[in-house]
Amino acid sequence: MGEKMKTIRIIVILTLMTTLYLGAQQEIRIRISEGVSMIPVAMPAVAFTAQSVVKDDAVRAEIEDTLWNDLEFSRVFRMVPREHYGYIEAFDPQNIRFRDWESIQANILISCQVEMPEASRIVMAFRVYDVRNGGRFIFGRNFGGKREFARLISHRAADEMMKQFGETPLFTSKIVFVSNRDGNEEIYMMDYDGGRQRRITINTWMDVLPSWSRDHEKILFTTYRNNNPDLLMFHLYTGKTEFLSTQRANYCADWAPESNHIVYTSTKSGNAELYVRDMDTGRERRLTFNRVIDTTPNWSPSGREIAFTSARTGTPQIYIMDAEGTNVRRLTTEGNYHDSPEWSPDGTRILFVSRIESRFDIFTYHVRTNTITKLTENAGRNENPSWSPDGRHIVFTSNRSGGYQLYLMDYDGANLKRLTSTGENKMPKWQKFTHRRFDN
Amino acid sequence: MKKLLTVCVLCLAMLTFFNGCKKEVQTEPEPQPVVEKVEEVAPQPEKPQLTEEEIFMQKTLDQINSEGHLKMIHFDFDKYFIREDMKPILQKNSEWLLNHDSVEIVVEGHCDERGTVEYNMALGEKRAESAMKYLESLGVPTERMRIISYGKNRPLVKGVDEDSHFMNRRSEFKVVKK
């Protein structure tokens, strides 16, 4: 395994070097796949420029921590530890000694200089160099904004880094979830890292099971405001609400990746069935016809298939069907209770939960190899997993510490991180179509 | 000189005597005014004899619901059929509903936390529907009933033991109109 990794690493390095030699103007696209080592990145302390009128160290530290944590979290980059920087000469943005940085095993060097023309404004100069190629300049961008957006500015810079390396940006993506911290179940939103948590709905009834629209300007959820579980669409920027389905129970809406369609569960026929609704015309098509529970539909990234849960064999199992409702095939064969399927953004894996001895654990099903990996083990009840936009991370609900809280882990179950602590928090959904917002 | 001293002593003695007298008068308590208690004896209003129906109509929906005429029923794990031991409860509920024929109810379906959020939404609905269908079979008109699923979002008790789970797997009957 170690030998194999080493070989892969060498291949990547060679590819990287060839790409770099191809010419200064060429854009660099490096695809990092599973098992391949991460790119070592060095980031000397973020510093204020000499011209900076205000030098607020709190801002400087906030930017540095956010950038560092984002890149460290990415699983694309690996941060060269700060202790190593002490072995070489102090960083000078005007005269970077790349050989020094190469000697402490850095491949990529980030120079981040901040200027505050006044106490309320930040301008960040973000520069990235290829250390081992004589310090070739890879890219640079300036980001600016109000002081209170220091975190957002840093997330934007880290996202730019992901894009430059051919990866899906995710640090400015949001997670929508349900919290009872203000007395009853309401919809909340936060940054991917648990920062800036804020309330979206303010009322006295129960709102549950939120999900995103394709443009991220709307959220769909089930509301009990009319004493019935109705499916509602809420426009985040205007506050406008639209009821989509109001007969009996309506929930689990999932927006199609390539079209203005949603798929959702409704019991309006007297039984839980799946429906596809054209959001432009309001026209609906029923996908399932039987007397058992069909629920939790989830589009494949291509939009051609839908994964869902059905009790057609007596217990809830995961199935896949074509988007027209035909060609149904069963995916889970072992165990007697599975639910919450969610396709990874690249379509190679399907997350789901499985009940084992009245507990839930999170699994991934590998579509190509037809194998299953268990991601959580012996730690309370783990539910409602949702992929990050780049498919390397998962947000989920767990009661491992007592009450229900939201946690992050990587696709392989590593790097567990708790995101919430106030009240009980559950049913997270991560934005999944971020590429649209970032297309320049 | 001696005479003057005698007069002084006499005067002092008298002064002391009169002072003593004055003090005694002061300590005597003043007579308190006697307050006569006056109570008005108002005639008691005659309580109207309300019929049972009128009493019922005077109550709020919350009062009616808190009186617990309609008992909840419980279900087996992962199931939504009506258990044999729950049928007498539904029988009693149907009798009460047939005696109060203006009442409309919502039949709630609830689940324990051992199912997923999504599947439990459907399971809760199935439970509410079973309960409603059973009441219907006992003669309660469908128009007077509506079902609502809460899945596992509204547990009755917090707890991880089977007793708590049993309590949470339930169908409740709420009066929404009288």
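The values are calculated or read from the model by the stated rules, or taken from the named source; none is laboratory data. This structure is a prediction, so every number in the text was calculated from the model and none was measured. Cβ: placed from backbone, ideal geometry, glycine included. Neighbour counts: every protein chain shown. The accessibility values were calculated without ligands, DNA or RNA, using every heavy atom of the protein model including side chains. Shrake-Rupley method; radii C 1.70, N 1.55, O 1.52, S 1.80 Å.
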When a/c is below 1.5 the answer is rounded, else prolate if a/b is larger than b/c, else oblate, so apply that to segment B:35-178 with a ≥ b ≥ c taken from the square roots of the Cα gyration tensor eigenvalues.
prolate
Using protein chains only (no ligands, no nucleic acids) and a 1.4 Å probe, work out which residues of segment A:335-349 have their accessible area cut by at least 20 Å² relative to the chain alone.
A:Tyr337, A:Asp339
Rounding to the nearest 20 debye, state how big the charge dipole of chain A is about its Cα centre with +1 on each Lys and Arg Cβ and -1 on each Asp and Glu Cβ.
440 debye
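So if I take the alpha carbon set of segment A:39-164, get Rg, then get Rh from the Kirkwood formula, what is the Rg over Rh ratio?
Ratio of gyration radius to Kirkwood radius: 0.95.
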Can you list residues from other chains, or at least 5 along the same chain, whose modelled amide H is less than 5 Å from the amide H of A:Phe139?
A:Val128
Given +1 on the Cβ of Lys and Arg, -1 on the Cβ of Asp and Glu, and no further charges, what dipole in debye does segment A:227-286 carry about its Cα centre, rounded to the nearest 20?
200 debye
Note to self: Kirkwood Rh of the protein assembly as shown, Cα pairs, one decimal, Å, is 29.1 Å
Let's test the formula: R0 of 51 Å, r as the Cβ-Cβ distance of A:Arg97 and A:His235. What FRET efficiency results, to the nearest 0.05?
0.45
Starting from the 7 Å offset along Cα-to-Cβ, what nm value, one decimal, do you get for the label separation of B:Glu136 and A:Ala45?
7.4 nm
Which whole-Hz couplings ³J(HN,Hα) result when phi for each residue of segment A:313-324 is put into the Karplus expression 6.51 cos²θ - 1.76 cosθ + 1.60, θ = phi - 60°, listed in order with x for Gly and Pro?
9, x, 10, x, 10, 8, 10, 10, 9, 5, 4, 7
For the pair A and B, total buried accessible area rounded to nearest 100 Å², probe 1.4 Å
2500 Å²
Label-to-label distance, nm, for residues given as A:Ala90 and A:Ile356 (7 Å Cα→Cβ offset)
5.4 nm
Calculated [θ] (222 nm, deg cm²/dmol) that DSSP helices of n ≥ 4 give over chain A, each run adding -39,500 (n - 2.57):
-4500 deg cm²/dmol
Give me the percent of DSSP beta bridges within segment A:39-164 that run antiparallel, rounded to the nearest 5.
75 percent
In whole Å, how far is the Cα centre of segment B:111-133 from that of segment A:68-126?
54 Å
Cα-derived Rg to Rh of segment A:92-241, Kirkwood definition
1.15
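Averaging sequence separations of C-alpha pairs under 8 Å and six or more residues apart, then dividing by the length of chain A, give the relative contact order as a whole percent. Provide the component values of the computation, followed by the final result.
On the way: 1003 pairs, mean separation 40.0, N = 440.
It comes to 9 percent, rounded to a whole number.
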So what's segment A:292-440 giving for Rg/Rh, alpha carbon basis, Kirkwood Rh from the mean inverse pair distance?
0.97
Ignoring any ligand, DNA or RNA, what whole percent of the accessible area of segment A:39-164 comes from carbon and sulfur when the probe is 1.4 angstrom?
47 percent
Along segment B:169-178, Karplus-curve 3J(HN,Hα) (6.51, -1.76, 1.60; θ = phi - 60°) to the nearest Hz, with x for Gly and Pro, reads 7, 8, 10, 10, 10, 10, 6, 10, 7, 10
Explain nothing, just the number: dipole magnitude of segment A:39-164 about its Cα centre with +1 on each Lys and Arg Cβ and -1 on each Asp and Glu Cβ, in debye rounded to the nearest 20.
360 debye
Can you tell which of A:Val328, A:Val395, A:Val178 shows the greatest fluctuation in a Gaussian network model of chain A with Cα springs below 10 Å?
A:Val328
Which pairs in the list A:Lys240/A:Lys429; A:Lys426/B:Lys59; B:Lys71/B:Lys177; A:Lys240/B:Lys178; B:Lys158/B:Lys178; A:Lys240/A:Lys268 are over 29 Å apart, alpha-carbon to alpha-carbon?
A:Lys426/B:Lys59; A:Lys240/B:Lys178; B:Lys158/B:Lys178
Residues of segment B:99-126 that bury at least 40 Å² of accessible area, probe 1.4 Å, when all protein chains are present rather than the chain alone, are B:Glu113, B:Arg114, B:Thr116, B:Val117, B:Glu118, B:Tyr119, B:Met121, B:Ala122, B:Glu125, B:Lys126
Checked against the positive end of the charge dipole of the protein assembly as shown (+1 on Cβ of Lys and Arg, -1 on Cβ of Asp and Glu, about the Cα centre), the farthest of A:Ile187, A:Ser388, A:Leu287 is A:Ser388
Long-range amide H contacts for A:Met206: which residues qualify at under 5 Å (H placed 1.01 Å from N, peptide plane, sequence gap of 5 or more or a different chain)?
A:Tyr224
Gained length - B:Leu98 relative to B:Arg83, 0.36 nm times residue gap less alpha-carbon distance:
3.2 nm
Fully extended contour minus Cα-Cα distance, from A:Arg418 to A:Arg400, at 0.36 nm per residue:
5.4 nm
Residue by residue, what Karplus-based ³J(HN,Hα) values in Hz, rounded to whole numbers, does segment B:126-142 have, using 6.51, -1.76 and 1.60 with θ = phi - 60° and x for Gly and Pro?
4, 5, 4, 5, 4, 4, 5, 4, 5, 4, 4, 5, 8, x, 6, x, 4
Candidate span helices, chain A: DSSP H, at least 24 Å along axis from Cα coords, Kyte-Doolittle average at least 0.5, result A:2-21
What fraction of the DSSP beta bridges in the protein assembly as shown is antiparallel, stated in percent and rounded to the nearest 5?
90 percent
